[in-house]
Amino acid sequence: MGNRLAEMQFRVLWEEIMKRFDRVELSGEVVRLPNNFIRGIKDVPVCLHRA
């Protein structure tokens with residue numbers, strides 16, 4: 001249940017971001033978590049652009 005809830009929250013968050021901004025641009029290197037079991041992401045720097 002936790003995984004599905006997180007997916008739903010992320011979907012709603014992304015929908016709200018896309019309502020407010022026209023473009024989301026990667027502005028740096030993606031930092032991954034050092035883990036042998038899960039390829040998690042620690043940091044994704046982005047720049048949000050309005051019209």
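The values are calculated or read from the model by the stated rules, or taken from the named source; none is laboratory data. Because the structure is a prediction, the values reported are computed rather than measured. We place every Cβ from the backbone using ideal geometry, glycine too, and count neighbours over all the protein chains shown.
Of the conditions (1) at pLDDT 95 or above; (2) assigned to a strand (DSSP E or B), K42 clears all except one; give me its number.
(1)
Residues of segment 12-41 being surrounded by 10 or more Cβ atoms within 10 Å (Cβ to Cβ) and among the basic types (K, R), which ones?
R23, R32 - these are the residues of segment 12-41 that are surrounded by 10 or more Cβ atoms within 10 Å (Cβ to Cβ) and among the basic types (K, R).
Residues that are touching a strand residue (DSSP E or B) at 6+ places or on another chain (Cβ under 7 Å), outside any helix (DSSP H, G or I) and not basic (K, R): does segment 1-10 have at least one?
No, there is no match, as no residue in segment 1-10 is touching a strand residue (DSSP E or B) at 6+ places or on another chain (Cβ under 7 Å), outside any helix (DSSP H, G or I) and not basic (K, R).
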